[in-house]
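Every number in this text was worked out from the coordinates using simple rules, so none of it is lab data. What you are looking at is a predicted structure, and each value in this text was computed from that prediction instead of being measured. FYI the Cβ positions are ideal-geometry reconstructions off the backbone, even for glycines, and counts take in every protein chain you see.
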């Protein structure tokens, strides 16, 4: 055993001679750290500190990528994700510090370091936010008025849809009467005269304002300017207006083809037609050909058919006219009453005063209001019984006549119309076979030459 005095001397020697050598061989900072190192955060505090630092890392990466973002929308999305990460870091740091304070580690240096990082990132975030706000202001200025312009275009489209677009779908319209074709053509011509240029100008100005025809781009710009209509997209009226204008032109072409086809059908129907129907079908052929040319002046077939119409009609009428030339008036008469001349005059007055004949232009029910000017009436047979009652007694008499009338519209044909009729008395017991006449029944009808009628 060493003596106590000797041990003190040995310890002194070790301090004087050995420790300087050890000190010389060991770096000062690591040694100090080993002697005075700050204790690590408690695991409960460390857990939220770790997620906070990861959030700060991600926020930094997001901010680093702002300049490389392709457009404003990408920048906005990136900044939004940055805010999320910063808010997450703030929340996790608070949670971590609460746990640290429970264990006397509230002043741990890692919190000061994290706070410095957070402060720096917040400054960067605000800088990028200001940049985006400046871009947004420029963007809003660039789209200002687009939403209103889109609404105006939609309003104009709606008006034109009701006026013309709903009728002109690019195909021929269905019609019951040829008069409806004329009404439709007038509508098309009114649109082209009064509305077409305005619609085109509105459309072109709108697209020029936007600088694009892409529907998605139009919608995005309108939304940026406050478009909030959930029923229609801002681009809806653009496409529909373009379609509507194009369909009017297509409908013109389609209608010309349809009119030409119908003219051909009526031309075929002329053969074998009754007299009056023949002339009516001439008129239908001509009307459809005229409409075909009006709808599409570039349709050469329609032009050719219309140019040759009169020659075709005249040739057909000339051939048919030989049948008319052979007819005599009044033809065979079968034992007419002795007072036939007086009865004929009474009948002429009756027809002249009738709303169906001489005063047809005053009729409220007739579609064709052209008066039938009475030329003459011939009594061609005896009175006949038209009706009896249940006891067999005569209640109505009838007188067979032939009525000759003229229509101003047929004057150029050099013909009169002949109607074979039965003029009837009132229906009542004991009625006499004599005027006044109450009604008629119509039989055959045909044309005759004016020269064949003796008035």
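Each of residue 162 and residue 441 was given a label point 7 Å from its Cα along the Cα-to-Cβ line. The distance between the two points is 5.3 nm.
For residue 253 and residue 366, a Förster radius of 30 Å and the Cβ-Cβ distance give a FRET efficiency of 0.25, rounded to the nearest 0.05. Going by alpha carbons, how many degrees (0 to 90, nearest 10) lie between the helix axis of 43-64 and the longest principal axis of the chain? The answer is roughly 60 degrees.
Compute the long axis of helix 340-352 from its Cα atoms, compare it with the longest principal axis of the Cα atoms of the chain, and write down the angle in degrees, 0 to 90, nearest 10. Value to nearest ten degrees: 20. Derived value for region 231-337: Kirkwood hydrodynamic radius 17.1 Å. Basis is the mean of 1/r over every pair of different alpha-carbon atoms. Using only Cα coordinates, the Kirkwood hydrodynamic radius of region 232-283 works out to 13.9 Å. For region 289-385, rounded, prolate or oblate, judged on the Cα gyration tensor with a ≥ b ≥ c (square roots of eigenvalues), a/c < 1.5 rounded, else prolate if a/b > b/c? In terms of gyration-tensor shape, oblate.
From the largest down, region 310-445 spans 61, 37, 27 angstrom on the principal axes of its Cα atoms. Three principal axis extents describe the C-alpha atoms of the chain; from largest down they are 187, 59, 37 Å. With the alpha-carbon atoms of region 55-195 aligned to their principal axes, the span from lowest to highest coordinate is 100, 29, 21 Å, starting with the largest. The angle between the Cα long axis of helix 146-160 and the longest principal axis of the Cα atoms of the chain comes to about 20 degrees, rounded to the nearest 10. Between residue 277 and residue 198, the simple spin-label model (points 7 angstrom out along Cα→Cβ) gives 4.8 nm.
Taking other C-beta atoms within 10 angstrom as a stand-in for reagent exposure, 364, 425, 38 fall in the order 364, 38, 425, fewest first.
Using a Förster distance of 60 angstrom, determine the FRET efficiency expected from the C-beta separation of residue 178 and residue 390, and round it to 0.05.
Details: r = 48 Å, r/R0 = 0.80.
So the FRET efficiency works out to roughly 0.80.
Entry note, the chain: the mean residue ellipticity at 222 nm calculated from DSSP H runs of n ≥ 4, each adding -39500 (n - 2.57), is -19500 deg cm²/dmol after division by the residues and rounding to the nearest 500. Here residue 113 and residue 76 are evaluated by their C-beta separation; at R0 = 41 Å the FRET efficiency comes out at 0.85. Computed on the Cα trace of region 129-258, the radius of gyration divided by the Kirkwood hydrodynamic radius gives Rg/Rh = 1.13. With each label modelled as a point 7 angstrom along the Cα→C-beta vector, the residue 130-residue 57 pair spans 3.1 nm. Gain on full extension, evaluated as 0.36 nm per residue between residue 50 and residue 186 minus their Cα-Cα distance, stands at 41.0 nm.
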